[in-house]
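Please read the structure below before turning to the comments.
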Amino acid sequence: MIPEIAKLISQGHTVTLPLRGYSMRPWLEDGRDKALLEPVPETLNIGDVVLAEISTSRYALHRIVEISEQGITLCGDGNITPEYIQRADVIAIATGFYRKGSDTLSPVKGNRAYTLYWKTWIALKPLRRYLLFIYRKLFK
């Protein structure tokens with residue numbers, strides 16, 4: 001399905017993708033939330049959530065945590081281990097999310113609560129393993 005999404009995105013379309021997996025916990029949940037994907041802008045920033053091919057035919061919707069001359073470092077909010085990709089591996093950028101079963105789009109640009117969330121979550125990386133353990137126990 002992702003290659004077809006990539007084709008639509010490359011043609012300038014937006015795509016709403018139902019999310020699968022737990023790698024973006026606690027912000028996004030498997031089977032509950034959806035991401036609005038758009039073509040990749042000229043400039044990517046730390047904090048952006050992107051759809052990328054992280055290895056051959058393996059895709060992930062993860063947050064950019066570092067950008068350097070060597071490439072881009074991604075990490076899912078629910079992950080501890082990062083992935084390393086090149087700019088060309090980025091297929092789309094998430095510009096908003098439909099969360100908690102809502103039909104209302106929560107845009108990421110200009111959303112102060114969202115910005116506070118991701119900046120705090122990145123800063124808490126040393127504690128993430130423990131915070132995710134607690135989250136799983138409370139909201140299983």
- prompt: Sorted by accessible area with a 1.4 angstrom probe, largest first, how do THR16, THR115, THR104 fall?
  reply: THR104, THR16, THR115
task: Just grab the label-to-label distance for ARG87 and MET1, each label 7 Å out from Cα along the Cβ direction, in nm (one decimal).
output: 3.1 nm
field: Positive-end residue of GLY110, LEU131, VAL90, charge dipole of the range 84-140 with Cβ unit charges
entry: LEU131
- line: Computed for the chain: size of charge dipole around the Cα centre, +1 on C-beta of each Lys and Arg, -1 on C-beta of each Asp and Glu, debye to nearest 20, value 760 debye
task: Quick one: give the max-minus-min coordinate of the C-alpha atoms of the range 1-76 along each principal axis, largest first, in Å.
output: 34, 32, 22
field: Simple label model, 7 Å out from Cα along Cβ direction - LEU124 to ARG136, nm
entry: 1.6 nm
ASN111 paired with GLU69, simple spin-label distance in nm, labels 7 Å along Cα-to-beta-carbon: 3.5 nm
statement: Non-local residues with an amide H under 5 Å from the amide H of GLU66, with H modelled 1.01 Å from N and Pro and chain starts lacking one, are THR73
- line: Note on the range 79-135: C-alpha Rg/Rh, Kirkwood Rh, two decimals, gives 1.02
- prompt: Probe 1.4 Å, all protein chains in place: accessible area of MET1 in Å², nearest 10?
  reply: 150 Å²
- prompt: How much accessible surface area, in Å² rounded to 10, belongs to the heavy atoms of GLU4 with a 1.4 Å probe?
  reply: 110 Å²
message: So, taking all protein chains as they sit and a 1.4 Å probe, how much accessible area belongs to GLU66, in Å² rounded to tens?
response: 90 Å²
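The values are calculated or read from the model by the stated rules, or taken from the named source; none is laboratory data. The model shown is predicted, which means the values in this text are computed figures rather than measured ones. We place every Cβ from the backbone using ideal geometry, glycine too, and count neighbours over all the protein chains shown. Surface areas here come from the heavy atoms of the whole protein model, side chains and all, with no ligands, DNA or RNA. Shrake-Rupley method; radii C 1.70, N 1.55, O 1.52, S 1.80 Å.
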